[in-house]
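Undergrad: Below are the structure tokens for one structure; questions will follow.
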Amino acid sequence: MPVTVQISSRYAEVFATPLPADPAKAAVISGFRQSQVLWDKSSVALHLVGTTTEYVTGNALTTLNKVLRSFSQKNLVPVGTDRMFDTKITSLTADSATVTTCDDGSRYNTADRTSGQTPAPVPVSQQYVFAIFGMSRVGGRWANSSVSAITYPDPRVKACIQETENS
């Protein structure tokens, strides 16, 4: 059953893949989800909120700070719904893990903070991303330490689009 987290009155994050039954893997995915929620809340607030730096570290934190600067300079706020599905752990050791997921941005957009206006939607091929998250064990919790966004026409993105079209 999907888990929806309401980030703001106009923005939600949906985690469509259930937690794994294995407790070690469930802990990784829980840390991944928490890092995404804090990333999103920071994007809405335009600054790092709460415990973000406990769940987003290293290169991922550098990337988040770039996103925050860009949103601030352009006066943007995320709106709509972002859905992550087909989330998997592709490697796991005691101190590191790799999480992959399809990111469905077909109902996601940005809006001008003042006017509320949104740009026209991008083509379907740009609405989906295959994302790879490096997770590290930090202070007893799993934190997002790196993120790579793979875009169309990479076959992994094509698989995300195709899976959505078939469901």
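No value in this document is a laboratory result; all are computed from the given coordinates. Nothing here was measured: the structure is a model prediction, and the numbers come from that model. When we count neighbours, we look across all protein chains shown, and the Cβ atoms used for this are built from the backbone with ideal geometry, even at glycine.
Undergrad: Using Cα positions and a limit of under 20 Å, work out the aspartates and glutamates in reach of LYS158, with same-chain residues fewer than 8 apart set aside.
TA: Straight-distance partners of LYS158: ASP82, ASP86, ASP103, ASP104.
Undergrad: Would you please give the residues with an amide H less than 5 Å from that of VAL49, counting only those at least 5 places away or on a separate chain, with H modeled from the backbone geometry?
TA: SER42
Undergrad: So how do ASP82, ASP112 line up by other beta-carbon neighbours within 10 Å, fewest first?
TA: ASP112, ASP82
Undergrad: Let me make sure I get this right: for the range 1-89, a, b and c are the square roots of the gyration tensor eigenvalues over alpha carbons, sorted descending. Under 1.5 in a/c it's rounded, otherwise prolate if a/b > b/c, else oblate. Which is it?
TA: Cα axes put the range 1-89 in the oblate bin.
Undergrad: Taking 8 Å as the Cα distance limit and 6 or more residues as the minimum spacing, I'd like the relative contact order of the range 67-167 as a percentage. Don't jump to the answer; show the numbers that get you there.
TA: Values: 173 pairs, mean separation 22.6, N = 101.
Taking the mean separation of contacting Cα pairs over the length of the range 67-167, I get 22 percent.
Undergrad: Compare GLY50, GLY134, GLY31 in a GNM of the chain, Cα atoms joined below 10 Å, and give the one with the largest fluctuation.
TA: Maximum fluctuation in the GNM of the chain, among the listed residues, is at GLY50.
Undergrad: Right, next: State to the nearest 20 debye the size of the charge dipole of the range 3-166 about its Cα centre, where the only charges are +1 on K and R beta carbons and -1 on D and E beta carbons.
TA: Numbers: 15 positive and 13 negative charges, 71 e Å.
Taking the Cα centre of the range 3-166 as origin, the dipole is about 340 debye.
Undergrad: Still on this structure, I have one more. Check the straight Cα-Cα distances from LYS74 and name the lysines below 19 Å, setting aside those fewer than 8 residues away within the same chain.
TA: Partners found: LYS41, LYS66.
Undergrad: In sequence order, what are the phi-derived ³J(HN,Hα) couplings for the range 86-95 according to the Karplus relation 6.51 cos²θ - 1.76 cosθ + 1.60 with θ = phi - 60°, rounded to whole Hz, with x for glycine and proline?
TA: After applying 6.51 cos²θ - 1.76 cosθ + 1.60, I find 6, 7, 9, 9, 9, 7, 8, 10, 5, 10 Hz.
Undergrad: Moving on. Amide H neighbours of THR87 under 5 Å, counting only residues 5+ apart in sequence or on other chains, H built in-plane at 1.01 Å?
TA: THR17, CYS102
Undergrad: Okay, moving on. Charges only on Cβ, +1 for Lys and Arg, -1 for Asp and Glu: so what's the dipole of the range 59-108 about the Cα centre, in debye to the nearest 20? Please list the in-between numbers first.
TA: Working: 6 positive and 5 negative charges, 56 e Å.
Computed charge dipole of the range 59-108: roughly 280 debye.
Undergrad: So which residue, out of THR151, THR110, THR90, gets the largest mean-square fluctuation from a GNM of the chain using Cα contacts under 10 Å as springs?
TA: THR90
Undergrad: Right, next: Show me, for the range 67-80, the HN-Hα J-couplings you get by feeding each phi into the Karplus relation (A = 6.51, B = -1.76, C = 1.60, θ = phi - 60°), rounded to Hz, glycine and proline as x.
TA: 4, 4, 4, 5, 4, 5, 4, 9, 6, 9, 9, x, 9, x
Undergrad: Lys/Arg Cβ at +1, Asp/Glu Cβ at -1, dipole of the range 73-167 taken about the Cα centre: which of ILE161, LEU76, THR110 is farthest positive-ward?
TA: LEU76
Undergrad: In nm, what is the difference between 0.36 nm times the number of residues separating THR114 and ARG10 and their Cα-Cα distance?
TA: Numbers: separation 104, 0.36 × 104 = 37.44 nm, distance 1.39 nm.
Between THR114 and ARG10, full extension yields an extra 36.0 nm.
Undergrad: Would you grab the residues whose amide H sits under 5 Å from the one on THR57? Only those 5+ places off in sequence or on another chain, please, with H modelled 1.01 Å from N.
TA: For THR57, whose amide H was placed from the backbone, the distant partners under 5 Å are ASN144, SER145.
Undergrad: Restricting to DSSP H runs of at least four residues, report the calculated mean residue ellipticity at 222 nm for the chain, -39500 (n - 2.57) per run over all residues, nearest 500 deg cm²/dmol.
TA: On the way: 5 runs with 60 residues, N = 167.
Taking each H run of at least 4 residues, the total per residue is -11000 deg cm²/dmol.
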